[in-house]
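The values are calculated or read from the model by the stated rules, or taken from the named source; none is laboratory data. Model, not experiment: these values are computed from the prediction. Cβ atoms come from the backbone with ideal geometry, glycine included; neighbour counts cover every protein chain shown. Quick note on the areas: whole protein, heavy atoms, side chains included, nothing else; ligands and nucleic acids left out. Shrake-Rupley method; radii C 1.70, N 1.55, O 1.52, S 1.80 Å.
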Amino acid sequence: MSTEPFNPSVMTFETLLASIENNILTITINRPDKLNALNKKTVEEIGVAVKNGETNNDVKAIIITGAGPKSFVAGADIAEFVGLSVEQGMALAKAGQDVFKQIENCSKPVVAAVNGFALGGGCELSMACHLRIASDNAKFGQPEVNLGLIAGYGGTQRLIQYVGKTKALELHMTGDMLNAEQALTLGLVNYVVAQDQLMAKCSEVIEKIKTKSPKAITGVINSVNAYFENGVDGFNAEINEFGKCFATEDFKEGTTAFLEKRKANFTGK
Ligand code: COA
């Protein structure tokens, strides 16, 4: 296993751990004593870490996970909610949504390694990632109604995309948790594996994606996201992304390799 050069000055965080190995940036939310609840600082740092990963040429994919064996993220930090005004509540939601949209629109694949509770903002964070791989102890839910709240980091808009309106409304209104198998059955997660296999499974999926054209992967992300964007014609977005591929070296390499009956070696150019 190779370890790429790593500049700690841009990747040292208060609430996160970040490391790059085999061209994969792993961002670990590191507040295990609070079940990795997302305070303002954590949300802000996730945004910085993802941006750093997106702009770092050594990084081909990003994994987001939580520290410890129990929790991915048990929600936004409830302690920070106390005494907020309507305006401050809206600002909090906007800040979270902005970072989660940044993850969703990241040009490199972002995988959530869901290692336990993914509740509230944790469920929302996982849903902003392109893929979700869960350990068998994972639990998903939007329990904000228990606090007299609703989801604010995009949960009302994203859960419906994965599980449909029927189940999304039920989950938001009851606050019930889904176990990993239920999440798999509903299409909320891509895979469920034993906890000690979680990071290996994430790497396995990423290694497969890494053999493809990074340019094409970005085109896939942009086109699929366009389906869910208000006022955007997704078919038109696909036409544009498809067309853009023809100007890439990756396209030339991919087609040439096919015709020469060899494996393509994509450079992301
Ligand atoms: N915000 C702030 N702190 C949180 C938190 C959150 N979302 N979730 C857990 N914590 C803290 C607890 O307050 C506790 O801190 P303490 O030891 O200083 O008292 C610590 O994490 C451990 O949590 P605890 O509740 O003791 O663990 P548990 O195993 O008994 O229960 C949960 C686990 C996830 C069921 C429970 O912590 C919970 O319901 N958390 C809130 C989930 C939620 O409503 N999320 C949406 C928020 S909008």
**Q.** Choice from Asn105, Asn137, Asn225 showing the highest fluctuation, given a GNM over the chain with Cα pairs closer than 10 Å
**A.** Asn225
(Q) Pairs of alpha-carbon atoms within less than 8 angstrom and 6+ residues apart define the contacts here; what relative contact order does region 214-259 have, in percent? (A) 34 percent
Q: Using a Gaussian network model of the chain whose springs link C-alpha atoms within less than 10 Å, name the residue from Asn56, Asn222, Asn230 with the highest mean-square fluctuation.
A: Asn230
Q | Qualifying aspartates and glutamates (Cα of each under 19 Å from Cα of Lys34; at least 8 residues distant if same chain) | A | Glu14, Glu44, Glu45, Asp77, Glu80, Glu124, Glu144
Q. What longest range of the chain stays clear of loop-exposed chymotrypsin sites (Phe, Trp or Tyr not before Pro) (DSSP non-H/G/I/E/B, at most 16 other C-beta within 10 angstrom)?
A. 7-227
Q.
Please list, in order along region 124-136, the HN-Hα scalar couplings obtained from phi with the Karplus expression 6.51 cos²θ - 1.76 cosθ + 1.60 (θ = phi - 60°), rounded to whole Hz, x for Gly and Pro.
A. 5, 4, 4, 6, 6, 6, 6, 10, 10, 10, 10, 7, 5
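Please report the relative contact order for the chain, taking Cα pairs under 8 Å with a sequence separation of at least 6, and give it as a percent rounded to a whole number.
Numbers: 497 pairs, mean separation 36.7, N = 269.
For the chain, the relative contact order is 14 percent.
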**Q.** For Glu241, net neighbour charge (Lys/Arg +1, Asp/Glu -1) across residues whose Cβ lies under 14 Å away
**A.** -2
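Leaving ligands, DNA and RNA out of it, report the carbon-plus-sulfur percent of the accessible area of region 115-269 at a 1.4 Å probe. Spell out each step's value before the answer.
Working: 4990 of 8560 Å².
That fraction is 58 percent.
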Q. Could you state the number of Å between the C-alpha centres of region 178-220 and region 22-50?
A. 19 Å
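Rounded, prolate or oblate: which fits the chain, taking a ≥ b ≥ c as square roots of the Cα gyration tensor eigenvalues, rounded meaning a/c under 1.5, else prolate when a/b beats b/c? Don't jump to the answer; show the numbers that get you there.
Working: a/c = 1.71, a/b = 1.48, b/c = 1.16.
Note, shape of the chain comes out prolate.
Could you compute the longest span of the chain free of GluC sites (Glu not before Pro) located in DSSP loops and having at most 14 other Cβ atoms within 10 Å, not counting the site residues? It would help to have the intermediate numbers written out before the result.
Details: sites that count: Glu14, Glu229, Glu260.
It works out to 15-228.
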Q.
Once ligands and nucleic acids are excluded and a 1.4 Å probe is used, how much of Met90 is accessible, expressed in Å² to the nearest 10?
A. 130 Å²
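Starting from the Kirkwood Rh over alpha-carbon pairs, what translational D in µm² s⁻¹ does region 182-269 have by Stokes-Einstein at 37 °C and 0.692 mPa s? Show your work: numbers first, answer last.
Details: Rh = 15.3 Å.
Translational D for this selection: 214 µm²/s.
Among rounded, prolate and oblate, which fits region 87-168 when a ≥ b ≥ c are the square roots of the eigenvalues of its C-alpha gyration tensor, a/c under 1.5 means rounded, and a/b larger than b/c means prolate? Could you put the intermediate results ahead of the total?
On the way: a/c = 1.63, a/b = 1.14, b/c = 1.42.
It comes out oblate by the Cα gyration axes.
All other residues with a Cβ under 10 Å from the Cβ of Ser71 taken together, and with Lys, Arg as +1 and Asp, Glu as -1, what is their net charge? Present the calculation step by step, with values, prior to reporting the outcome.
Numbers: positive: Arg31, Lys34, Lys70, Lys139; negative: none.
Here the charged neighbours net out to +4.
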Q) Using a Cα distance threshold of under 18 Å, what count of lysine pairs results for region 152-269 when pairs must be 8 or more residues apart or interchain? A) 20
**Q.** Cut-off under 5 Å, modelled amide H: who pairs with Ala37 long-range
**A.** Ala74
